[in-house]
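K.L.:
Structure incoming, see below.
The values are calculated or read from the model by the stated rules, or taken from the named source; none is laboratory data. Predicted model only: the values in this text are computed from it and were never measured. Backbone-built Cβ (ideal geometry, glycine too); neighbour counts: all protein chains shown. Calculation scope for accessible area: heavy atoms of the full protein, side chains included, ligands and nucleic acids excluded. Shrake-Rupley method; radii C 1.70, N 1.55, O 1.52, S 1.80 Å.
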Amino acid sequence: MSSSLGEKPDSGAVGQTSPDDPVAAPVAKESPPIVWLARLGAVFVAIQAYVYIRWIFSDSFTPIPTGPDDVPTHTLVIIRASEVICVVGVIASIIWLVRRTRRDGQFPTIGVFMMGWLLTCWQDVGVNAVVPVFSYNSAFLNMGTWGEFVPGWVSKGPETPAPILYELADYMLFLPLAVVGIDKAVKAARARWPRLNKAGIIAALLLIFLVLDTMSEQILQRQVLWSYLRVNETWSIFTGTLNQFPLYEGIVFGSVVMVASMCFYLFRRDGDRLITDAGIERLKITRGVAVVRILAFSAVMNVILAVFLGYNLVNMHADVAPTDVPSYLHQNMCGLAENPPCPHLK
């Protein structure tokens with residue numbers, strides 16, 4: 001009997017048989033990489049479900065008010081307009097995904113990217129896990145935050161609210177759309193400069209997105225949509241004001257995390273497969289393949305987003321805060337404005 005490699009099997013090897021063996025021993029079959037990643041993705045989904053369920057059925061599931069300070073009129077207009085855009089955009093993207101799936105007979109890869117990114121949204125609050133350093137404007141539609149229910153969260157009193165509609169669209173729509181645009185730009189660049197390799201593309205994107213993230217954050221901060229309320233003075237700009245911005249955020253999230261996620265889509269293989277789809281041809285199922293792909297991609301992105309664990313080590317040294325923080329930004333969070341100091345910090 002020959003092995004699948006055309007070699008005579010070793011009778012002493014595990015899972016192999018010789019011609020004299022009366023009963024053939026079963027050969028162990030390893031799951032393909034995509035299945036292992038999907039299993040990890042399912043674990044992350046279970047954690048999210050646990051966090052969201054506890055939040056929804058808690059007393060914390062209630063809107064956080066703006067407080068005594070009036071939100072500027074132009075800021076309210078921008079917030080409401082952005083929420084309308086978010087709702088319309090998400091609905092339109094869902095309709096497009098359904099139509100594309102029916103037309104092609106399979107869920108599109110960009111849809112896998114969109115859903116996978118959405119399943120990392122729960123980690124957005126992680127930046128404040130130890131020290132309150134970031135805050136959204138509480139004028140956004142919100143129901144508080146699920147942060148306090150994330151395992152390992154440091155209890156420190158009131159937290160910044162999560163803008164439900166904005167975060168839904170940000171992770172499911174805006175970030176994936178940016179990736180599609182970059183994909184087209186990279187293809188055009190490679191057509192113009194055929195010798196442009198992957199290393200050159202990645203290096204260029206890291207620099208471009210550091211600049212883009214810093215600029216976009218500044219534009220939106222100056223509209224008082226959110227603020228970095230605590231920063232490390234050495235690695236930040238405009239310190240001591242509501243517009244202060246930690247450059248390490250631009251490096252870690254805006255540059256490294258974003259570009260890392262983009263590479264999965266930019267460097268697709270075998271036509272339109274993500275790297276996380278490795279071994280997809282070995283799947284025995286015909287239905288539910290899209291779910292497996294989404295879980296596999298989300299697993300890797302959740303691991304990448306765990307960068308917030310290290311981010312919080314830097315936040316422990318964030319020692320500069322604005323002296324005048326309006327109530328719709330500080331939301332009674334400890335150590336800000338006239339609020340009591342954080343009990344767990346010296």
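K.L.:
I'd like to compare 61-72, 223-234: which one has the highest average count of other Cβ atoms within 10 Å, and what's the full order after that? Before the final figure, lay out the partial values.
P.N.:
Details: 61-72: 14.5, 223-234: 20.5.
In descending order of packing, they fall as 223-234, 61-72.
K.L.:
Just to be sure I understand the curve: with the Debye formula and one point per C-alpha of region 174-254, what is log10 I(q)/I(0) at q = 0.12, 0.19 Å⁻¹?
P.N.:
-0.45, -0.85
K.L.:
Please work out the C-alpha center-to-center distance from region 153-191 to region 303-346 and express it in whole Å.
P.N.:
Centre-to-centre (Cα) distance: 22 Å.
K.L.:
Over the chain, average the accessible area per residue using a 1.4 Å probe and give it in Å², no decimals. Could you put the intermediate results ahead of the total?
P.N.:
Working: 18340 Å² over 346 residues.
Heavy-atom SASA per residue in the chain reads 53 Å².
K.L.:
Given springs between every Cα pair under 10 Å in a Gaussian network model of the chain, which of A290, A129, A81 has the largest fluctuation?
P.N.:
Of the options given, A81 has the highest mean-square fluctuation.
K.L.:
P(r) for region 59-210: what percent of alpha-carbon pairs falls in each 10 Å bin, starting at zero?
P.N.:
Percent of pairs per bin, in order: 9, 28, 30, 23, 9, 1.
K.L.:
What number do you get for the chain when its Cα radius of gyration is normalised by 2.2 N^0.38 Å, N = residues?
P.N.:
Details: Rg = 24.1 Å, N = 346, 2.2 N^0.38 = 20.3 Å.
Normalised by 2.2 N^0.38 Å, the Cα Rg of the chain equals 1.19.
K.L.:
Then there's this: Grab the Cα-Cα distance for N332 and S216, subtract it from 0.36 nm times how many residues apart they are, and report the gain in nm with one decimal.
P.N.:
Numbers: separation 116, 0.36 × 116 = 41.76 nm, distance 2.68 nm.
Between N332 and S216, full extension yields 39.1 nm more.
K.L.:
Shifting gears a bit: Binning at 5 angstrom from zero up to the longest distance, how are the C-alpha pair distances of region 74-132 distributed in percent?
P.N.:
All Cα pairs, binned at 5 Å, distribute as 4, 14, 15, 16, 17, 15, 10, 6, 2, 1 percent.
K.L.:
Also, I was wondering about something else. Pop out the carbon and sulfur fraction of the accessible area of the chain as a percent, whole number, probe 1.4 Å. Can you show the working numbers first?
P.N.:
Values: 11860 of 18340 Å².
So the carbon and sulfur contribution to the accessible surface is 65 percent.
K.L.:
Let me ask something else. As a test of understanding, state the convex hull volume per residue of region 26-91 from its alpha carbons, in Å³.
P.N.:
On the way: hull volume 11.1 nm³, N = 66.
Residue-normalised Cα hull volume stands at 167 Å³.
K.L.:
I'd like the per residue volume of the convex hull spanned by the Cα atoms of region 109-174, given in cubic angstrom. Present the calculation step by step, with values, prior to reporting the outcome.
P.N.:
Values: hull volume 5.7 nm³, N = 66.
Residue-normalised Cα hull volume stands at 87 Å³.
K.L.:
Given region 186-227 reduced to its alpha-carbon atoms as identical point scatterers, what log10 I(q)/I(0) does the Debye formula return at q = 0.15, 0.30, 0.33 Å⁻¹?
P.N.:
The computed values of log10 I(q)/I(0) come out as -0.51, -0.95, -1.03.
K.L.:
Then there is this: So which cysteines in the chain don't have a second cysteine's C-beta under 4.7 Å from them?
P.N.:
By the Cβ distance rule, which asks for a partner under 4.7 Å, the isolated cysteines are C86, C121, C263.
K.L.:
Mind giving me the nanometre distance, one decimal, between the label points for D183 and R80, set 7 Å out from Cα along Cα→Cβ?
P.N.:
3.6 nm
K.L.:
Mind checking the full-extension length gain between K198 and W96? Use 0.36 nm per residue of separation minus the Cα-Cα distance, one decimal, nm. Please report the intermediate quantities before stating the final value.
P.N.:
Working: separation 102, 0.36 × 102 = 36.72 nm, distance 3.06 nm.
Extra length available between K198 and W96 comes to 33.7 nm.
K.L.:
Related question: May I ask for the angle, rounded to the nearest 10°, between helix 198-221 and the longest principal axis of the chain, with both axes built from Cα atoms and the value confined to 0 to 90°?
P.N.:
The angle comes out at about 30 degrees.
K.L.:
Would you mind telling me which residue in W235, W122, W55 has the biggest mean-square fluctuation in a Gaussian network model of the chain, where springs connect alpha carbons within a distance under 10 angstrom?
P.N.:
Greatest mean-square fluctuation among the candidates belongs to W235.
K.L.:
Using Stokes-Einstein with the Kirkwood hydrodynamic radius over Cα pairs, what translational diffusion coefficient do you get for region 204-346 at 37 °C and a viscosity of 0.692 mPa s, in µm²/s rounded to a whole number? Walk me through the numbers on the way to the answer.
P.N.:
Details: Rh = 17.9 Å.
Estimated diffusion coefficient is 184 µm²/s.
K.L.:
Here's another thing I want to ask about it. Which of the peptides 39-50, 291-302 is most tightly packed, and how do the rest follow, judged by the mean count of other Cβ atoms within 10 Å per residue?
P.N.:
Numbers: 39-50: 16.0, 291-302: 24.6.
Peptide ranking by packing, descending: 291-302, 39-50.
K.L.:
Cα-based Rg (one decimal) and Dmax (whole number) for region 254-322, in Å?
P.N.:
Answer for region 254-322, Rg first and Dmax second: 17.0, 58 Å.
K.L.:
Report, in whole Å, the centroid distance computed from the Cα atoms of region 73-108 and region 204-247.
P.N.:
About 27 Å separates the Cα centre of region 73-108 from the one of region 204-247.
K.L.:
Where in region 158-193 does the label zone of Q223 land, with the point 7 angstrom along Cα→C-beta and an amide N cut-off under 14 Å?
P.N.:
Zone members listed by number: 166-167, 170.
K.L.:
Could you tell me the extents of region 211-286's C-alpha atoms along the three principal axes, largest first, rounded to whole Å?
P.N.:
The principal-axis extents, from largest down, are 58, 24, 19 Å.
K.L.:
Distances over 19 Å make up what percent of all Cα-Cα pairs in region 130-226? Let's see the in-between values first.
P.N.:
Numbers: 2780 of 4656 pairs.
The answer is 60 percent, as a whole percent.
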